[in-house]
Amino acid sequence: MLSISGPSLFIKQAMDYLRSIRKRELHIKVLLMICASVTFVGLLLIFIFVFRESLPAFTRLGLPNLFSTHWNPDVSHPEAGNYGMLPFVVGTLYTTLGGLLVGAPLGIGSAIFIDQIAPPKIGTAIGRGIELIASIPSVVIGWFGLTLLVPMIGRLTDTSGFGILAASLVLGVMVLPTIAALSLESLRALPSELKEAAYGMGATRWQTIYKVLLPAARRGVLVAVILGMGRAIGEAMAVQMVIGNSRQLTFSLTNGTSTLAARIVTDMGESSGVFRSALFAQGLILLILAMLLILTIRLVSREKKETVR
Amino acid sequence: MKSNLEVENLIVEKDKEVGKEMAKLGNKIEIRDLSMYYDSFKVLENITMSIPCRSIVALIGPSGCGKSSLLRCINRMNDLIPNSKVEGEILLDGENIYNPSCEVIELRRRVGMVFQKPNPFPKSVYDNVSFGPQVMGIDNKKEMDEIVEASLKKAALWDEVKDKLRTSALSLSGGQQQRLCIARALAVQPEVILFDEPCSALDPVATQKIEDLLIELKENYTIVIVTHNMQQAARISDITAFLLMEVQGEPGRLIEYSDTNKIFTNPSDYRTERYITGRFG
Amino acid sequence: MKATRVDRIATFFFWILGMISVGILFIIVGEIFARGLFIALKPSFFLGKPEAMKEGGGILPMIVSSIYLAVLTLLISLPLSLGAAIYLAEYSRGGKITRFIRFCADSLSSLPSIVFGLFGLAIFVVRLGWGYCLISGAFTLALLNLPTLMRSAEESLKSVPKTYREASLSLGASRWTTVRQVVVPSSLPGIITGTVLSIGRIMGESAALIFTTGTFIRKIPLNPFQTAAPLAVNIWYTQSEALVPDYRNIVNGGAAFLLLMVLVVNLVARYIGKFYRRRKGLS
């Protein structure tokens, strides 16, 4: 046996170590806290800058102008123009609803299919496939919509093909993976006893899904749909490519119109002054909508915890 | 260089003396009136015991009686659990480890720990043993080799692994992994080693090896071991502590603390006897 | 029986839904590749210089922009997100601060990327005066990617067994030493997978970049303060401005190339995850 035994050799070494780390540990903790606080600082800065940039629109144009139905920015006399964003608010809500009507049944249905019906291997493969949809860049989906969906809709309805229908289909594809993944997660989180109990009582698979599993997972599914909604509201590029970008307030599925996000993309390039500020005001609306959605999700999931107790 | 060596030698000499004195004096650890809480739930109440130098103390009792919590108080591993709180004191060589001035890191170096399940790092055998010394800043290759070899020898593992020091520790058998964990603990030259049911995941042969090792280690280290296995406590320990949570929801208390022989042949408390006979006969 | 018949119809219906969902993937990928893969894989295209007004342009500067941007973005967001994740997983004890930070991260991740674009325009391009350039885009995207990167890093850190931490701490290692030498190395595969996935997201991102990096260039950007045009942004620009006569070809090829890059990145990420799982399973 070697000579080192007992608490000897290490005393000096350990003391050195102690001395060296004492300050370091504190510094590192502070550094890590700074890293963590970047999320807060970033969020705050986003609010401040988007709000500050949109302020001139509110003070110089006024709310009646901003929420009118006419969007006629006058580049030569910015303050004389009309900056009504109502058509785009309507367009945003309309396309979001349309996107959810397409994406939610597909997403939730696929999640149920993967969790309950598909043979495991097929289920995994389909789950992977849907995950991959999420990774397709939105300009690629937009280009797909522009080259395939828009002409198709145009032929079928004898219009240009641009408009809310095309945008809804494109958005449906984009919200599908979000809704599917989160629904699947909440279905998988259900205790297996629940399912066994239902089957044990002689329920069919459909009855189990419809009467037991969906009600049990409804909050998770609701959160999934809300998050999908968030994606649909904020999507800019793909929508901008297929919606036609006209300025009219419309309720027709095949008339060209625009959404808040798409209008920002379309007009930001040639904007300045109060025109630009009006576009930032649209961004602010999007920001507020997104925050409202996240607060709704908080509310929904908090209720969940309470009912569990 | 030279002066450094001299200093070290001095420390060694002094340490030996201190060690001898301590051995004569007796108590390495004194636990005084210790109570412990998780949140508002009291886990341990008024534990008082003295743990002599270079001996093996076994903590026994039914599961949930707080023996593992008590063990983890001794090197303050409980600090890791949010909202845990300790009242009373634990003296290590006469100094309260719950004093604000106590350095937890140094405490944990002096009071090592071996866990229930072998938990080697997913690194090589060598890197596992050298982890502690390397953290302390030993970067001399030769010195490190010596420490690794000595530690593995002390853990009775050297002969089995000397040719595969660079292979993954996870490729060793369970018993070897546990001895590797012991070697890893020994490498930072602790004074006390805490064992938290070290054999519960091992087969009888591996268990036997660990027990032999513990008895050998007693020559140089103070050992506290939590065990479910009463034969084990009887075989290896000098002193046995019996803890019990009498009613569900009440804290665990120290029922009896005396020589292992006495506990297992002639316990003075009827509850100890009931537990021992129920499990031992 | 009525119930069993309903059940059979429902089952059939769910099969259809599942098939449609995955069918969408194949239709999109098939359509885009059928239109553009042939163009995309021509060296004169993906190694060629773009043309501003006439036919026959390539997309090399755009590809370089995308990659350059991904590297810069990760250089900024990876240390920050890793630090934040370490703080949340290893240091904070689930108190109010943690919950607040998590709320901020959740909010940040639910903001539309166009809002990040507006923010980037206002702060980096205008206020800090960096103009349309790679670094403006990188900072914007770093913030956009922070929550996802942070979440994936945090999850990989949390999947490291508690026993590793205990073992290290019981040897007298400090918390940071434990994190650096034990926890982070053990969670590296997960962190790498998350990082690679975020490269895919960065390459596909466009809304946050049209007002921050620039949309069209002819020369390969070298300096991060130079104007750039990531491929995704340039695809949008080319199709909306339609300045070159063969813009359809360029967009078809560009879209196919972009999709190819993103799919490859995703497959690599998945392969890393799989490789790691297999290795873990063996040991």
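The values are calculated or read from the model by the stated rules, or taken from the named source; none is laboratory data. It should be emphasised that the depicted structure is a prediction, and the values quoted were computed from it without experimental measurement. Please note: Cβ atoms are built from the backbone with ideal geometry, for glycine as well, and neighbour counts cover all protein chains shown. What goes into the accessible areas is simple: the full protein's heavy atoms, side chains included, and nothing from ligands, DNA or RNA. Shrake-Rupley method; radii C 1.70, N 1.55, O 1.52, S 1.80 Å.
Remarks
- The set of residues from the range C:140-185 being more than 10 Å from every other protein chain (Cβ to nearest Cβ) and open to solvent by 30 Å² or more (accessible area, probe 1.4 Å) comprises C:148, C:151, C:152, C:155, C:158, C:159.
- Filter result for residue A:164 (under 23 Å from residue C:207 (Cβ atoms), open to solvent by less than 50 Å² (accessible area, probe 1.4 Å) and more than 12 Å from every other protein chain (Cβ to nearest Cβ)): yes
- Only residues that are open to solvent by 40 Å² or more (accessible area, probe 1.4 Å) and touching a helix residue (DSSP H, G or I) at 6+ places or on another chain (Cβ under 8 Å) were counted across the range B:87-106, and they come to 2.
- Considering residues of the range B:136-178 that are within 12 Å of chain C (Cβ to nearest Cβ), more than 19 Å from the chain's Cα centre (by Cα) and in contact (Cβ under 8 Å) with a residue 24 or more places away in the chain only, the residue farthest from residue C:179 (Cα to Cα): B:172
- Among residues of the range C:243-257 being open to solvent by less than 10 Å² (accessible area, probe 1.4 Å) and touching a Ser or Thr at 6+ places or on another chain (Cβ under 8 Å), the one that is nearest to the other protein chains (Cβ to nearest Cβ) is C:251.
- Any hit, the range A:141-159, residues being buried (at least 19 other Cβ atoms within 10 Å of the Cβ), over 30 Å from residue C:253 (Cα atoms), of a type in the set (Gly, Ala, Ser) and modelled with pLDDT of 90 or more: no
- Members of the range C:92-139 that are under 23 Å from the mean Cα position of the chain (by Cα), among the polar types (S, T, N, Q) and under 24 Å from residue A:295 (Cα atoms): C:107, C:109, C:110, C:113
- Identification of helices (runs of 4 or more DSSP H) wholly contained in the range A:178-268 with 1 or more residues that are under 23 Å from residue A:142 (Cβ atoms) and within 13 Å of chain C (Cβ to nearest Cβ) yields A:218-234, A:237-242, A:260-267.
- Restricting the range C:143-179 to residues that are among the hydroxyl-bearing types (Ser, Thr, Tyr) and closer than 21 Å to residue A:42 by Cβ, the residue that is nearest to the chain's Cα centre (by Cα) is C:148.
- Subset of the range C:204-226 (residues that are within 14 Å of chain A (Cβ to nearest Cβ) and open to solvent by 20 Å² or more (accessible area, probe 1.4 Å)): C:205, C:215, C:216
- From the list A:174, A:85, A:201, the one residue that fits, being at pLDDT 95 or above and among the aliphatic types (A, V, I, L, M), is A:174.
- Residues (closer than 19 Å to residue A:188 by Cβ, within 17 Å of the chain's Cα centre (by Cα) and at the interface with chain C (Cβ under 7 Å from one of its Cβ atoms)) located in the range A:127-147: A:130
- Helices (runs of 4 or more DSSP H) enclosed by the range C:3-119 - at least 2 residues per element that are surrounded by 14 or more Cβ atoms within 10 Å (Cβ to Cβ) and away from every other protein chain (no Cβ under 14 Å): C:43-46, C:60-86
Yes or no, residue by residue, for (1) touching a residue at least 60 places away in the same chain (Cβ under 8 Å); (2) more than 12 Å from every other protein chain (Cβ to nearest Cβ); (3) part of a helix (DSSP H, G or I); (4) surrounded by fewer than 20 Cβ atoms within 10 Å (Cβ to Cβ):
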{"residue": "A:40", "(1), (2), (3), (4)": "no, no, yes, yes"}
{"residue": "A:55", "(1), (2), (3), (4)": "yes, no, yes, yes"}
{"residue": "A:69", "(1), (2), (3), (4)": "yes, yes, no, yes"}
{"residue": "A:100", "(1), (2), (3), (4)": "yes, yes, yes, no"}
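- Condition broken by residue A:288, with the remaining ones in (1) in contact (Cβ under 8 Å) with a residue 40 or more places away in the chain; (2) open to solvent by 20 Å² or more (accessible area, probe 1.4 Å); (3) closer than 18 Å to residue C:113 by Cβ satisfied: (1)
- Evaluated against (1) more than 19 Å from residue A:144 (Cα to Cα); (2) touching a residue at least 60 places away in the same chain (Cβ under 8 Å); (3) open to solvent by 10 Å² or more (accessible area, probe 1.4 Å), residue A:256 falls short on exactly one condition, (1).
- Per the listing B:109, B:184, the residue uniquely open to solvent by less than 20 Å² (accessible area, probe 1.4 Å) and under 30 Å from residue B:39 (Cα atoms) is B:109.
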